[in-house]
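Some notes on the structure that comes next.
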Amino acid sequence: PNEEEEKGGNCTRRRHPPPNAPPKPNPSTKTPIPISIPIPMATGSRAPRRRRPRSPLTLIDDLVREIFLRVPVDDPVTLVRGAAGCRSWRSMLSAPNFARDYRKARSAAPVLGFLHNTTSEPEDRFASSHFVSTAAFRFRPPAYEDLSRWDVLDSRHGLALLHAPKSKRNKGFVVCDLVTSQRWKFGDPECYNVMWWPHGDHMDKRIRCSATVLCAKAQCDQLDCHGDGGPFRVALVGTDYRNLRSHATVYSSETREWRDTISVHNLDFVNGRGNSAVVGNKVYVQCVESDKVVEYNTHEQKLSLITLPFEDQEGIDESIDLMGVDDGSLLFASVLKAKLCLWTMEAGPGGAAGWARRWAIELKPSLPARFLTDRANTLVGFAEGVGVIFLSTRAGLYAIELNSGKGNKVHKGFFDKVIPYRSFCTRAIGWLPGL
């Protein structure tokens with residue numbers, strides 16, 4: 001049976017297997033199939049659950065999300081194009097958790113541009129506000145086109161505060177989100193003598209008190225404070241020309257009402273066109289040609305005065321200006337010859353104050369040589385959070401970085417005051433037209 005036959009031509013040959021070859025299996029014999037018998041488990045124990053593997057589509061979405069989270073803040077065009085690519089990416093990029101994670105991965109919101117006011121004619125004191133983009137992608141807020149006849153006063157937390165000139169058609173404030181085009185309008189408080197000049201004494205139709213917009217959220221980190229249209233406050237601090245007292249009031253978007261006006265005796269006028277500073281619930285405004293700073297606690301409704309320690313400045317007089325807040329302290333600055341001198345102040349109890357830090361930045365590497373000692377050099381704005389001071393010269397507008405001391409020219413014009421606008425463009429993705 002182990003022999004094999006080969007047929008070739010007309011003969012048949014028989015092949016014999018080698019002597020040591022193993023025998024072939026009998027096809028009639030069946031191999032038994034092993035049977036697994038389940039072993040009963042001990043009472044109270046559970047079988048381990050197998051983790052279901054994540055689908056390839058989920059892994060791809062997670063990878064795409066991580067890629068979008070790493071897009072630089074100065075390149076929002078990439079995020080907009082990604083949102084317009086397909087519905088799943090749009091849903092991912094417009095989700096609140098993506099915007100929150102994107103903001104928290106950055107230390108501060110970028111500067112998209114600055115706001116400023118101009119007057120068309122000397123006899124016409126109505127202000128015209130403008131937005132100038134300084135971002136690489138030329139951010140142009142569509143919501144600002146019909147607000148050009150409003151007077152811009154302040155900007156914080158992605159919000160711009162404007163006021164309508166004194167006229168019969170428009171009267172009141174408007175808070176505008178330039179990224180999402182959201183607006184909130186409300187009327188003036190009942191403090192006419194604080195907001196306006198007396199009849200016949202001045203031709204300016206703009207308010208003369210200081211106006212500040214601030215976030216109303218507790219423990220605001222300036223990253224996610226207004227990403228979902230959160231509450232805000234507007235604080236007014238000014239001087240009544242009749243009794244030489246400083247007055248203050250605050251508007252809340254939650255109650256939609258102005259609180260009662262409070263006052264404190266002050267012989268100096270509040271600088272309504274200067275910079276204000278916000279530390280927590282407190283608003284700080286400097287007085288004109290004085291060593292006094294008005295502190296307004298919007299939460300406790302308290303108004304007090306702080307005296308600046310000018311006697312400890314080695315010959316520096318009242319020419320220093322309040323710029324804003326740097327690392328939780330009030331920042332003051334002044335241009336002296338070819339240097340930008342800076343001070344940070346910490347306010348103590350009972351109106352006491354002391355300088356916490358002093359340093360200077362050489363302007364020679366940033367400005368042209370013939371404009372270094374020009375008296376027209378003026379500090380016109382400060383971008384909090386990113387540490388950038390704006391210096392207006394006859395050669396143009398320069399942005400000076402406090403940490404590195406480097407400066408670059410951002411505009412060729414001359415400005416009296418600029419209000420930097422900082423915000424994340426990710427909040428605008430959810431407002432794009434549907435696919």
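The values are calculated or read from the model by the stated rules, or taken from the named source; none is laboratory data. This structure is a prediction, so every number in the text was calculated from the model and none was measured. Methodologically, a virtual Cβ is constructed for each residue, glycine included, from the backbone with ideal geometry; neighbour enumeration extends over all protein chains shown. Just so you know, the surface numbers come from the protein's heavy atoms only, side chains and all, with ligands and any DNA or RNA stripped out. Shrake-Rupley method; radii C 1.70, N 1.55, O 1.52, S 1.80 Å.
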**Study point:** Nearest-10 value in Å² for the accessible area of residue 341, using the 1.4 Å probe
**Key:** 20 Å²
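Residues with beta-carbon under 13 Å from that of residue 270, excluding residue 270: net charge, scoring Lys, Arg +1 and Asp, Glu -1? Don't jump to the answer; show the numbers that get you there.
On the way: positive: 208, 245, 273, 292; negative: 240, 268, 289, 295.
Local charge sum for residue 270: 0.
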Point to revise | residue 376/residue 86 FRET efficiency (R0 60 Å; Cβ-Cβ; nearest 0.05) | key: 0.65
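Go through 185/417; 339/406; 364/409; 185/282; 337/412; 217/292 and tell me which ones have a Cα-Cα distance over 19 Å in this structure. Intermediate results must be reported in sequence, preceding the final value.
Numbers: 185/417 24 Å; 339/406 13 Å; 364/409 13 Å; 185/282 23 Å; 337/412 22 Å; 217/292 29 Å.
Distance filter (> 19 Å) returns 185/417; 185/282; 337/412; 217/292.
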Revision key, fill the gap. Summed over the other residues with a beta carbon less than 11 angstrom from that of residue 113, with K and R at +1 and D and E at -1, the charge totals +3
Point to revise | Estimated FRET transfer efficiency when R0 is 51 angstrom, pair residue 338-residue 63 (beta carbons, to 0.05) | key: 0.50
Study note, to complete from the structure: The answer for chymotrypsin sites (Phe, Trp or Tyr not before Pro) in segment 365-435 that fall in a DSSP coil and have at most 16 neighbouring Cβ atoms within 10 Å is 414
Exercise for review: Please calculate the 1.4 Å probe accessible area of residue 92, with all protein chains present, and give it to the nearest 10 Å².
Suggested key: 30 Å²
Exercise for review: Mind ranking 258, 150 by accessible surface for me, highest first, 1.4 Å probe?
Suggested key: 258, 150
Point to revise | For residue 422, distant residues with modelled amide H under 5 Å away | key: 112, 158
Check your understanding: At a probe radius of 1.4 Å, what is the per-residue accessible area of residue 155, in Å² to the nearest 10?
Key -> 20 Å²
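With a sphere of radius 15 Å drawn around the Cβ of residue 297, what net charge do the other residues whose Cβ falls strictly inside it have (Lys, Arg +1; Asp, Glu -1)? Before the final figure, lay out the partial values.
Working: positive: 233, 259, 282, 302; negative: 260, 295, 300.
It works out to a net charge of +1.
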Check your understanding: In nm, to one decimal, how far is the modelled label at residue 190 from the one at residue 243, with both set 7 Å along Cα→Cβ?
Key -> 1.5 nm
Review point. In segment 236-290, which trypsin sites (Lys or Arg not before Pro) fall in coil by DSSP and have 16 or fewer other Cβ atoms within 10 Å?
Key: 242, 256, 259, 273
Practice item. Sort 149, 138, 375 from largest to smallest accessible area, using a 1.4 Å probe on the heavy atoms of the protein chains. Key: 375, 138, 149
